[in-house]
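The values are calculated or read from the model by the stated rules, or taken from the named source; none is laboratory data. All of these numbers come straight from a predicted model, not from anything done at the bench. Cβ placement follows ideal geometry from the backbone for every residue including glycine, while neighbour counts extend to all protein chains displayed. Protein only, heavy atoms only, side chains kept; ligands, DNA and RNA dropped before computing areas. Shrake-Rupley method; radii C 1.70, N 1.55, O 1.52, S 1.80 Å.
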Amino acid sequence: MEELNKKVPLKEYPWHDDAVRIIKWTKSKPPEYRAFIFDICMSLAFIDSTSGIEKYVETCPSCPESYNAHLGFINLCSPCYEKNETWTYQKAAKPQSGALGKLSSEMILKFIEILFDDFKCVFAIGGTEVADALIEHKNGFVILAEVKSAPLLTFPLLFQIPKTTNLAHSKISLTSSQFRELNSAIYLHDKSYIHLGKVKSENWPFKPFADHLEDKGNLKELESSFKIWQKTKVAYAEKDRTSKFYYLANASGAPPNVAKEKDGWPQGESISDSKTSAGMDRTDDIKKGIYQVLKIGTKYKHQNVKTAIISNLPALRHGEVYVDPFKGMLWGNEGDLVTDKSLTYLKREDLRYVFDYIINLTDSIQGGKEI
């Protein structure tokens, strides 16, 4: 195998050690919990990597407790939606697409590195290489993987801004210096939130969240937020628009007509589009991922190399149509055909799976079977 540009996931970020603390906390938790914490970590990463994030802050009369301003990563103000069933359009804060893809890929690889004991080393591969990741298995073989990951829920931020007489949802003017002085919290829905302290605090927002997580007294409120995440996952997977949780998730599309009729939702605007589908659920990503693992398998067919698709969640909506038919499927090359008397066939050792692994945080697959 040629020399690849390998690097340790997230190592270049100043909050690397705090992210490791958070992920290690999940090691003793059920798989679903790990996927929930991944979403929180990605939300924290979104916060850290969005340029000019202070421009997206708006006053919000529906925030809990002493908070009075909101910033989200979907186009819906969730405190207003949850408290008053008001469809308030608020433009989502977005990291640049290049930074977002890199962050999402490296975040899931850091989870895989810490949580999967069978893997000796996990590396992100930079540049335009044949794969996104390289994993060294304890049994001596290498896994080359395509990474397709995205959060189900991107949790918003709450802020305490100076007292305002404006009770409506509205933009506010903040300089970056003023923004750094604000007290903040991550909003986990249903009036639940976790204080993150001042924006300018050390390794904000990862360190304050890691500190909160390691305090055992905080476990109960996190369990409550996890249940909301689970309900949102079910609503997302089943496309259940009757569930109030459906519109909190990514890829929820446009709101119902009542949003336009009652609350003046802007024409043509969605809450979040299909490009933000959770895990590996975006159909274009599934198609590309299958092509990439076939390409890897073809290139390294006669080496001790296996293939994988890595994600935080399986294809919850599109797995049955786009992924399941390839589970357990074997392929081979015409050049390996063997003719013996009247039979022409491929030997088992010349066949390989479309993907040897689908690795995610909830229900991984090896060779077509759940592991």
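Looking for something touching a His at 6+ places or on another chain (Cβ under 7 Å) and either closer than 27 Å to LYS301 by Cβ or in a strand (DSSP E or B) (or both) - is there at least one such residue anywhere in region 121-142?
The answer is no, given that none of the residues of region 121-142 is touching a His at 6+ places or on another chain (Cβ under 7 Å) and either closer than 27 Å to LYS301 by Cβ or in a strand (DSSP E or B) (or both).
Restricting to region 142-184, name every residue that is within 25 Å of SER252 (Cα to Cα), out of contact with any Gly (no Cβ under 9 Å at 6 or more places or on another chain) and open to solvent by less than 10 Å² (accessible area, probe 1.4 Å).
LEU153, LEU158
Which condition number in (1) free of Cβ contacts under 8 Å to residues at least 60 places away in the same chain; (2) out of contact with any Ser or Thr (no Cβ under 7 Å at 6 or more places or on another chain) is the one that ALA237 fails?
For ALA237, the exception is condition (1).
Quick check on my filter: what residues within region 290-344 are part of a loop (DSSP other than H, G, I, E, B), free of Cβ contacts under 8 Å to residues at least 40 places away in the same chain and more than 27 Å from GLY279 (Cα to Cα)?
Across region 290-344, the qualifying residues are HIS302, GLY332, ASN333, LEU337, LYS341, SER342.
Just one of LYS200, LYS220, LYS207 is within 24 Å of GLU32 (Cβ to Cβ) and out of contact with any strand residue (DSSP E or B) (no Cβ under 8 Å at 6 or more places or on another chain); which is it?
Values: LYS200 fails: within 24 Å of GLU32 (Cβ to Cβ); LYS207 fails: within 24 Å of GLU32 (Cβ to Cβ).
Every option except LYS220 fails the conditions.
Tell me, which helices (runs of 4 or more DSSP H) wholly within region 1-111 include 3 or more residues that are under 29 Å from GLU269 (Cα atoms)?
31-49, 78-84
Is it fair to say GLN267 is of a type in the set (S, T, N, Q), over 30 Å from CYS80 (Cα atoms) and either assigned to a loop (DSSP other than H, G, I, E, B) or in contact with a helix residue (DSSP H, G or I) (Cβ under 6 Å, 6 or more places away or on another chain) (or both)?
So GLN267 does not fit the description; no.
List pairs: first residue in region 265-276 and of a type in the set (Val, Ile, Thr), second residue assigned to a helix (DSSP H, G or I) anywhere in the structure, Cβ distance under 9 angstrom, at least six positions apart or on different chains.
Correct list of pairs: ILE271/TYR247; ILE271/LEU248; ILE271/ALA259.
Conditions (1) under 20 Å from the mean Cα position of the chain (by Cα); (2) of a type in the set (D, E, K, R), marked per residue:
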site: ALA315; (1), (2): yes, no
site: VAL323; (1), (2): yes, no
site: TRP331; (1), (2): no, no
site: LYS347; (1), (2): no, yes
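Condition first: part of a loop (DSSP other than H, G, I, E, B) and open to solvent by 50 Å² or more (accessible area, probe 1.4 Å). Now tell me which residues in region 241-264 satisfy that.
ARG241, THR242, LYS244, ALA254, GLY264
Kindly provide the set of residues from region 185-239 that are among the β-branched types (Val, Ile, Thr) and either in contact with a helix residue (DSSP H, G or I) (Cβ under 6 Å, 6 or more places away or on another chain) or over 24 Å from LEU313 (Cα atoms) (or both), ordered by number.
Answer for region 185-239, where residues must be among the β-branched types (Val, Ile, Thr) and either in contact with a helix residue (DSSP H, G or I) (Cβ under 6 Å, 6 or more places away or on another chain) or over 24 Å from LEU313 (Cα atoms) (or both): ILE194, VAL199, THR232.
So how many residues does region 74-102 have that are at pLDDT 90 or above and touching a Leu at 6+ places or on another chain (Cβ under 9 Å)?
Summing the residues that are at pLDDT 90 or above and touching a Leu at 6+ places or on another chain (Cβ under 9 Å) in region 74-102 gives 12.
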